[in-house]
1. Please verify whether Val55 is over 27 Å from Val207 (Cβ atoms), within 12 Å of the ligand (Cβ to nearest atom), touching a residue at least 12 places away in the same chain (Cβ under 8 Å) and out of contact with any Asp or Glu (no Cβ under 7 Å at 6 or more places or on another chain), treating the condition exactly as stated.
2. Would you tally the residues in the range 142-175 being part of a loop (DSSP other than H, G, I, E, B), more than 22 Å from Arg225 (Cβ to Cβ), within 13 Å of the ligand (Cβ to nearest atom) and hydrophobic (A, V, I, L, M, F, W, C)?
3. Of all residues being over 14 Å from Leu90 (Cα atoms) and among the basic types (Lys, Arg) in the range 201-230, which is least open to solvent (accessible area, probe 1.4 Å)? Just the residue, please.
4. Here's a check for you: in the range 83-104, which residue that is more than 8 Å from the ligand (Cβ to nearest atom) and either small (Gly, Ala, Ser) or under 19 Å from Glu34 (Cα atoms) (or both) is surrounded by the most Cβ atoms within 10 Å (Cβ to Cβ)?
5. Would you point out the residue of the range 115-127, among those that are within 13 Å of the ligand (Cβ to nearest atom) and assigned to a loop (DSSP other than H, G, I, E, B), that is surrounded by the fewest Cβ atoms within 10 Å (Cβ to Cβ)?
6. Going by the conditions given, is Leu112 under 26 Å from Pro178 (Cβ atoms), open to solvent by less than 40 Å² (accessible area, probe 1.4 Å), part of a helix (DSSP H, G or I) and within 15 Å of the ligand (Cβ to nearest atom)?
7. Report whether or not Glu14 is out of contact with any Ser or Thr (no Cβ under 9 Å at 6 or more places or on another chain) and either β-branched (Val, Ile, Thr) or open to solvent by 30 Å² or more (accessible area, probe 1.4 Å) (or both).
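The values are calculated or read from the model by the stated rules, or taken from the named source; none is laboratory data. What you are looking at is a predicted structure, and each value in this text was computed from that prediction instead of being measured. Virtual Cβ from ideal backbone geometry, glycine too; neighbours counted across all protein chains shown. When the accessible area is computed, the model is the full protein with side chains, heavy atoms only, and any ligands, DNA or RNA have been set aside. Shrake-Rupley method; radii C 1.70, N 1.55, O 1.52, S 1.80 Å.
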Amino acid sequence: MDDPNGPNSRGDPEREERSDFAAARRGLVGELRERLDASERTLSAIQAVPRHEFVPEERRSRAYADRPLPIGHDQTISAPHMVAVMADLLDPDRGDRVLEVGTGCGYHAAVLVELVGPGTVYSAEYVPELAAAARERLDRLGYEVTVRAGDGREAFPDEAPFDAASVACAPTGGVPDPIVDQVRTGGRIVAPVEDDGLLARGGQRLVRLTVREDGVDREDHGGVRFVPMR
Ligand code: SAH
């Protein structure tokens, strides 16, 4: 086996840094494997994506802690366990067309590409600067994602129908109809929504919707905290 700290890495700080990050990432995935009931498929996707490339330079040393981190513009990169839980609930097939609402830094979109393959993830980001930075970063790392700046509710009517949608910001009053309308019958939507019973405290629940001919089935997957959908 390759020794990540073997002779080849000596004297090459970039290479040493890369292998440090890879080791930290294996540690994180091991932790997630123990704590979550996540599938090996999802864990492999998390293992494959260099999360340190998605966080600001000065936060890189904390990229493999299981925590959200600030990414500027008052937004955050989701904690790895949350991305794993959402990816498992979505459970997309290879080749599926996936809509993401809330690209942020692009990390979750990259995890989705690991699951479905290149070219079928479409992600909308409200903040134009974040959309541009995510597009550049995903490109550079070889993740084929279509990123559009704008309101995720309306961003991709021309690309619908999608097999699945992953929503990374919390809408008020349930998942907006335009998102539900862009997902095919039988397709899934994973999203944080306001908890009707806890509205006053700003509580949110993670839900999985399955789109039916005549509406949606809804499953509740516990309390969460996401930034609001604008
Ligand atoms: N998917 C990200 C999480 C980003 S945080 C990750 O990989 O970690 C949620 C993002 O949703 C923020 O960047 C925020 O700007 C964006 N957002 C909020 N409202 C939105 C809307 N209506 N349409 C698209 N993006 C929105």
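1. Judged against the criteria, Val55 is a match.
2. 2
3. Residue satisfying both the conditions and the ranking: Arg205.
4. Only one residue tops the list, namely Ala84.
5. Top of the filtered list is Val127.
6. When the stated conditions are applied, Leu112 passes them.
7. yes
Here's the yes/no breakdown for (1) under 26 Å from Glu57 (Cα atoms); (2) without any contact (Cβ under 8 Å) to a residue 60 or more places away in the chain:
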{"position": "Thr120", "(1), (2)": "no, yes"}
{"position": "Pro128", "(1), (2)": "yes, yes"}
{"position": "Ala131", "(1), (2)": "yes, yes"}
{"position": "Glu136", "(1), (2)": "yes, yes"}
{"position": "Val145", "(1), (2)": "yes, yes"}
{"position": "Pro161", "(1), (2)": "no, no"}
{"position": "Ala164", "(1), (2)": "no, no"}
